Amino acid sequence: MQHATTLASCGDSRLFVARQGGIISIITDSMTVLPTHFLNIGNRVIFNGERGLIGLAFDPDYANNGYFYLNYTANVGPNGATRISRFRVSADPNVAINNSEEILLELPQPGAIHKGGDLEFGTDGYLYVALGDGGDASDPNDYGQDATNLFGTILRIKPEPDSTYSIPPDNPFVGDTTGRRPEIWAYGLRNPYRIGLDPLTNDLWIGDVGQEFWEELDFWPGNVNTGPNFGWSCYEGFAPFLPERCTPEDVLVDPLLAFAHFVNGGNSCAIIGGEVYRGVKYPRMQGRFFYSDFCNGDIRMIQPDGQGGWVDSLGVASGLFSVSDISANHEGELFIVSRSNQRVYKIKDKCPRPAPVITADGAELTTAEAVTYEWSYNDEPIPNSNSATITAFASGFYTVQITYGNGCTGTSEPYLYLTTGVAGTEEAQVLMMPVPANGSVDLVRGAQQGVWTVELRDLSGRLLSTHAWTGERTTIDLDALPEATYVVRAVDASSTQVMRRLLPVVGF
């Protein structure tokens, strides 16, 4: 079977798609699949169920050394063995050398399922290897919680030129005297089929495929080397599974999120971890981790909320069955692999326009042309402000949310408007009452201060009325106005603004 399982970038415009049966194909920058395979090791691979060629990563120095790494199930022993192997490209950049394999690690498997599979290089230059627990959850060998073996873990290793690997000196179990393996970076996992390392922060994201009821998304901050234990098989998601396998002294890391299986009232069956978007084409996607589920095909996004928590949202209900991987190309743009239909899809922002920007001409605030507008002043919506331009009525922060013709929305950064009026003198001496008003509103000032001009405008800046103010008091007639919020503005004889106030008009 040549189901597509994963894809990777070697640092140029090509994408490399691995297939379960041991073949790697190349997609060119014109989105053409080359007829010649990049690699074919089908004679070495067991490829059924969850076994096969399931992981691919290119060396950070691939342009110079030509190395790439595979995670596959080798056809050795009764259940096969997980191999982490290095291969080399030939003089032809579109063809690898089939017999260049160097086996860095071989792990005989106890069963036919839960192989993990992903490979990723971190910003630290080390290779991260995702390994499943290898089989039945009821196995008396508690692979998930036993860090003296490599099952149910994320490894962090340094491939060496002589086809071996070394242990990074800051791995959590270096020098451990209890037998815990120094290769291990994290453990307590069931089947971390797909992981993602943020190319900016080295944060580790894990899609840990569940057992019976729950799928879980795990997170660990970059470069924190304390050996996190994610709780399997004591817990599945947040729910106890075999809690007796842990003790009260065990420090377990809860998942960020858990998703229910079909039998548990949900629509998930196997979480597919992905990547953090670090491309440049779609600014709104920046910093979001994209992931999916093998059965429902929903493309979801999660990002920090700025207050120590997270915001998870649905990006698109793709309708794809058997999403197998989400990976980035050399520019950080994201692609999806569908295992069943052998297709690769690009993730795009349906609303790629940048956020609207507020520009000012005096008190007139203007934003981009759009279909609808909603302005706010100091985070409070301004009634009846559906226009591209409004008149600022007081000092403070103004924002605008706009809707484009395709239903996309965008929100501006706050714009700080500071009035040029003499707020501490003349304006402080002006009273406006009643507020809110109905029918009319009175303005009262101190001693005779010359001739002022009073303007009434709507929030788009349209002039509705104007008259001279010569005495202590003046009245503005509001009878003909609908319920809305308006701006009352007064300027003195030298055209200096001395007052600008917001006036709600209501019906009593």
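Worth a mention:
- Screening segment 105-122 for residues that are within 33 Å of the chain's Cα centre (by Cα) and assigned to a strand (DSSP E or B) and picking the one that is nearest to Gly196 (Cα to Cα) gives Glu120.
- Strands (runs of 3 or more DSSP E) lying entirely in segment 256-344 (those with 1 or more residues that are among the basic types (Lys, Arg)): 298-304
- Of all residues in segment 215-242 being acidic (Asp, Glu) and either assigned to a loop (DSSP other than H, G, I, E, B) or under 22 Å from the mean Cα position of the chain (by Cα) (or both), the one that is nearest to Asp203 (Cα to Cα): Asp218
- Identity of the residue in segment 59-78, free of Cβ contacts under 8 Å to residues at least 40 places away in the same chain and in contact with a Ser or Thr (Cβ under 9 Å, 6 or more places away or on another chain), that ends up nearest to Gly134 (Cα to Cα): Ala74
- Scanning segment 438-469 for residues that are modelled with pLDDT of 90 or more and either touching a His at 6+ places or on another chain (Cβ under 7 Å) or β-branched (Val, Ile, Thr) (or both) yields Val441, Val451, Thr453, Val454, Thr466.
- Tally of residues being under 25 Å from Pro381 (Cβ atoms), surrounded by fewer than 14 Cβ atoms within 10 Å (Cβ to Cβ) and either among the charged types (D, E, K, R) or in contact (Cβ under 8 Å) with a residue 60 or more places away in the chain (or both) across segment 461-494: 2
- Hey, Phe238 hydrophobic (A, V, I, L, M, F, W, C) and either within 20 Å of Gly117 (Cα to Cα) or surrounded by 14 or more Cβ atoms within 10 Å (Cβ to Cβ) (or both) or not: no
- Screening Lys158 against (1) touching a residue at least 12 places away in the same chain (Cβ under 8 Å); (2) within 27 Å of Gln286 (Cα to Cα) leaves a single unmet condition, (2).
- First in segment 45-58 and among the basic types (Lys, Arg), second anywhere and part of a strand (DSSP E or B), Cβ under 7 Å, 6 or more apart: Arg51/Thr73
- Complete set of residues in segment 207-243 that are free of Cβ contacts under 8 Å to residues at least 24 places away in the same chain and under 19 Å from Tyr143 (Cβ atoms): Tyr235, Pro240, Pro243
- Taken together, Val263, Val174, Val251, Val209 contain a single residue that is surrounded by fewer than 15 Cβ atoms within 10 Å (Cβ to Cβ) and touching a Pro at 6+ places or on another chain (Cβ under 8 Å), which is Val174.
- Check on Ser163, surrounded by fewer than 20 Cβ atoms within 10 Å (Cβ to Cβ), of a type outside the set (D, E, K, R), outside any loop (DSSP other than H, G, I, E, B) and out of contact with any helix residue (DSSP H, G or I) (no Cβ under 8 Å at 6 or more places or on another chain): no
- Residue within segment 342-349 that is outside the structural domain of Ala490 (by TED's automatic domain parsing), polar (S, T, N, Q) and either within 30 Å of Val487 (Cα to Cα) or surrounded by 16 or more Cβ atoms within 10 Å (Cβ to Cβ) (or both) present: no
- Segment 313-338 - residue that is surrounded by 16 or more Cβ atoms within 10 Å (Cβ to Cβ) and charged (D, E, K, R) and, of those, farthest from Gly49 (Cα to Cα): Glu333
- Residue ID - modelled with the highest pLDDT, chosen from residues in segment 361-373 that are surrounded by fewer than 16 Cβ atoms within 10 Å (Cβ to Cβ) and not aliphatic (A, V, I, L, M): Thr372
- Strands (runs of 3 or more DSSP E) enclosed by segment 1-81 - at least 2 residues per element that are within 25 Å of the chain's Cα centre (by Cα) and among the aliphatic types (A, V, I, L, M): 4-9, 15-19, 53-58
- Residue match in segment 351-360 (condition: exposed (fewer than 15 other Cβ atoms within 10 Å of the Cβ) and of a type in the set (S, T, N, Q)): yes
The values are calculated or read from the model by the stated rules, or taken from the named source; none is laboratory data. Here the structure is a predicted model, which means the values were calculated and not measured. Heads up, the Cβs are rebuilt from the backbone with ideal geometry, glycines too, and the neighbour counts pull from every protein chain shown.
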